[in-house]
1. Under 5 Å between amide H atoms, partner at least 5 residues away or on a different chain: which partners does Gly117 have, H built in plane at 1.01 Å?
2. Give the span of the range 21-115's Cα atoms along each principal axis, as three whole-Å numbers ordered largest to smallest.
3. Sequence gap at least 6, Cα distance under 8 Å: using those rules, report the relative contact order of the range 21-115 to the nearest whole percent.
4. What is the local net charge at Asn50, summed over the other residues whose Cβ is closer than 13 Å to its Cβ (Lys, Arg +1; Asp, Glu -1)?
5. For the residue pair Ser113 and Lys34, what label-to-label distance in nm results when each label sits 7 Å from Cα along the Cα-to-beta-carbon direction?
6. Please turn the phi angles of the range 104-119 into ³J(HN,Hα) values with the Karplus equation 6.51 cos²θ - 1.76 cosθ + 1.60 (θ = phi - 60°), one per residue in order, whole Hz, x for glycine and proline.
Amino acid sequence: MRTVFALVAFVVAAASAQTTSYYITAPIQGTAFKAGSSAEIDWINGSSENVTLSLLNGPTAQTQSVLLVIAKDVNGDDGSYTWTIPTTVGVSSTYTVQIQYGTGNYSYSAPFSVTGGTTTLSYSAVPTTSSMLSLASSSIATAISTAMSHAPSSISASASISAAAATSATPSKSSGAMQNVSPAWALAIPAVAALFL
């Protein structure tokens, strides 16, 4: 029984650590910028730590990667940063801004577009979402199984994650309650909750 309570306490502590994240309020979805112009990046829930702002792009929200670092060592309390978009930025409607804070914590803006750039964007092959989710779901199922094998014999629970069910979910970088939860926690939270049902 102590194992179950310890597991619940760990999950609650880890989840609450993720809730104090930055929330990007601008640019909003559908915003259109012109290369060479200024763009305002705004956020709330900042803290006095230094953050890094980056520009991401890719064919889908799930396959975006960092194209360039906009600024480093920006004070998170500022809540705003004005950026001049380079004229070499390519024309695209799938850009997002990423704020990196703390150790490995990220928040993302809604998608926006840039026009008038001089660069043509091309994308290399990337792993599919379904292959990444399948690997993640099997790893989580293995971890849960291992944890349960060390639990006292008076506790029994089962949890399973179907790769097909996991791939039917379409992760998004748009706003929402789960926006700033890491993908691993987004998969692990329902699996751990299943232990108590």
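Bear in mind these aren't lab numbers, they're just calculated from the coordinates by the rules spelled out. Quantities reported herein were computed from a predicted structural model and do not represent experimental measurements. Positions of Cβ are backbone-derived with ideal geometry, glycine not excepted, and every protein chain shown enters the neighbour counts.
1. Those qualifying (amide H under 5 Å, at least 5 residues apart or on another chain) are Ala35, Val91.
2. For the range 21-115, the Cα spread along each principal axis is 34, 27, 20 Å.
3. Working: 229 pairs, mean separation 37.2, N = 95.
Answer for the range 21-115 is 39 percent.
4. Taking every Cβ under 13 Å from that of Asn50, the sum is -3.
5. Here the answer is 1.5 nm between the modelled labels.
6. Whole-Hz 3J(HN,Hα) from phi for the range 104-119: x, 9, 9, 10, 10, 7, 6, x, 9, 10, 10, 10, x, x, 9, 9.
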